[in-house]
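Asks: After the structure tokens below, expect a handful of questions from me.
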Amino acid sequence: MERKVKLITTEDGSHSLFVPELNETYHSFHGAFRESYHVFILYGLEVWHAKNRTTVPIRVFEMGFGTGLNAWMAQIWAEQNLIPMLYHTVEPFPIEKEIYEQLNYAEIDEGFSHYGHFLEMLHAAPWGIGEPLTPYFNMKKEKITLEEVQLYPSDVIFYDAFAPNKQPELWTKEMLEKVVESMKAGAVFVTYCAKGQVKRDLADLGLHVETIPGPPGKKEMTRAWKF
């Protein structure tokens, strides 16, 4: 499966992709790098780890591999903190090599500048095979949909599907239930989306839902815990 995309530059200087078919971008135009770090690392992975410092390996599931930005930041975090991570992600529309080779994420922040090769490593990794890519990061990426994938018990969920008005099928209560059922006790679900219906559905599925400050350009985001 292929999807036409166009490389764009967001407000923080980092790249994202525009999908003409959906009239949508992969990340916030206010800043792809800032959004990914804020939502998934700072308010997701790091907050979960602060509550679960003895739990290893950390098991992460990401809905929407996309440009690989979230996985790249998680891989760097695992390597810098010397904490083993098992990362599982799905992406039915992988981007082409000529696109991912242009992505400039390693140029945006000095602390990430030595890890540019990690991004190509993530994209070049084989599909459907879980394997260690670096000493602390094991990844399995699958070229299938959320409906098709078999989920493993997870500690952290990065829910990075396109917005509900663009991909409503990924935000139904049934799809969210599939993800919630895979979450371990104490697991956290984080997403940039702050839509009321999504939060109500997560609460109905038994999660403790928090509305917290969003990344630059977005007032709020959603974090939900399974207890």
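Readers should treat all values here as calculations from the given coordinates under stated rules, not as data from a laboratory. Quick caveat, the model's predicted, so the values are computed rather than measured. Here the Cβ positions follow ideal geometry from the backbone for every residue, glycine too, while neighbour counts run over all protein chains shown.
Asks: Which one of these does residue 27 not meet: (1) touching an Asp or Glu at 6+ places or on another chain (Cβ under 6 Å); (2) in a loop (DSSP other than H, G, I, E, B); (3) under 21 Å from residue 179 (Cα atoms)?
Replies: Only one criterion in (1) touching an Asp or Glu at 6+ places or on another chain (Cβ under 6 Å); (2) in a loop (DSSP other than H, G, I, E, B); (3) under 21 Å from residue 179 (Cα atoms) is unmet by residue 27, namely (3).
Asks: Please name all residue pairs, on different chains or six or more residues apart, with Cβ atoms under 6 Å, provided the first residue is in the stretch 15-27 and is free of Cβ contacts under 8 Å to residues at least 60 places away in the same chain and within 18 Å of residue 215 (Cα to Cα) and the second residue is aliphatic (A, V, I, L, M) and not in a strand (DSSP E or B).
Replies: Note: pairs meeting the criteria are 16/32.
Asks: Condition first: in a helix (DSSP H, G or I), more than 23 Å from residue 90 (Cα to Cα) and of a type in the set (A, V, I, L, M). Now tell me which residues in the stretch 164-221 satisfy that.
Replies: Hit for the stretch 164-221 is 203, nothing else.
Asks: When you scan the stretch 209-218, do you find a residue that is crowded, with 20+ Cβ neighbours inside 10 Å, closer than 21 Å to residue 58 by Cβ and under 19 Å from the mean Cα position of the chain (by Cα), even just one?
Replies: Checking the stretch 209-218: not a single residue is crowded, with 20+ Cβ neighbours inside 10 Å, closer than 21 Å to residue 58 by Cβ and under 19 Å from the mean Cα position of the chain (by Cα).
Asks: When you scan the stretch 1-34, how many residues do you find that are farther than 15 Å from residue 112 by Cβ and in contact with a strand residue (DSSP E or B) (Cβ under 9 Å, 6 or more places away or on another chain)?
Replies: 19
Asks: Out of the residues in the stretch 170-205 that are over 25 Å from residue 27 (Cα atoms) and in contact (Cβ under 8 Å) with a residue 60 or more places away in the chain, state the one that is surrounded by the most Cβ atoms within 10 Å (Cβ to Cβ).
Replies: So the residue we want is 182.
Asks: Give just the number: which of (1) in contact with a Phe, Trp or Tyr (Cβ under 7 Å, 6 or more places away or on another chain); (2) more than 23 Å from residue 148 (Cβ to Cβ); (3) outside any loop (DSSP other than H, G, I, E, B) does residue 7 not satisfy?
Replies: (1)
Asks: Hey, another quick one. Does any residue in the stretch 61-87 that is closer than 16 Å to residue 131 by Cβ come within less than 6 Å, Cβ to Cβ, of a residue that is of a type in the set (Asp, Glu) and surrounded by fewer than 24 Cβ atoms within 10 Å (Cβ to Cβ) six or more places away or on a different chain, and which pairs are these?
Replies: Final answer for the pair search is 65/91.
Asks: What number of residues within the stretch 98-128 are over 25 Å from residue 6 (Cβ atoms) and touching a strand residue (DSSP E or B) at 6+ places or on another chain (Cβ under 7 Å)?
Replies: Summing the residues that are over 25 Å from residue 6 (Cβ atoms) and touching a strand residue (DSSP E or B) at 6+ places or on another chain (Cβ under 7 Å) in the stretch 98-128 gives 1.
Asks: In the stretch 20-38, which residues are in contact with a Pro (Cβ under 6 Å, 6 or more places away or on another chain), of a type outside the set (D, E, K, R) and surrounded by 18 or more Cβ atoms within 10 Å (Cβ to Cβ)?
Replies: Within the stretch 20-38, 31, 38 qualify.
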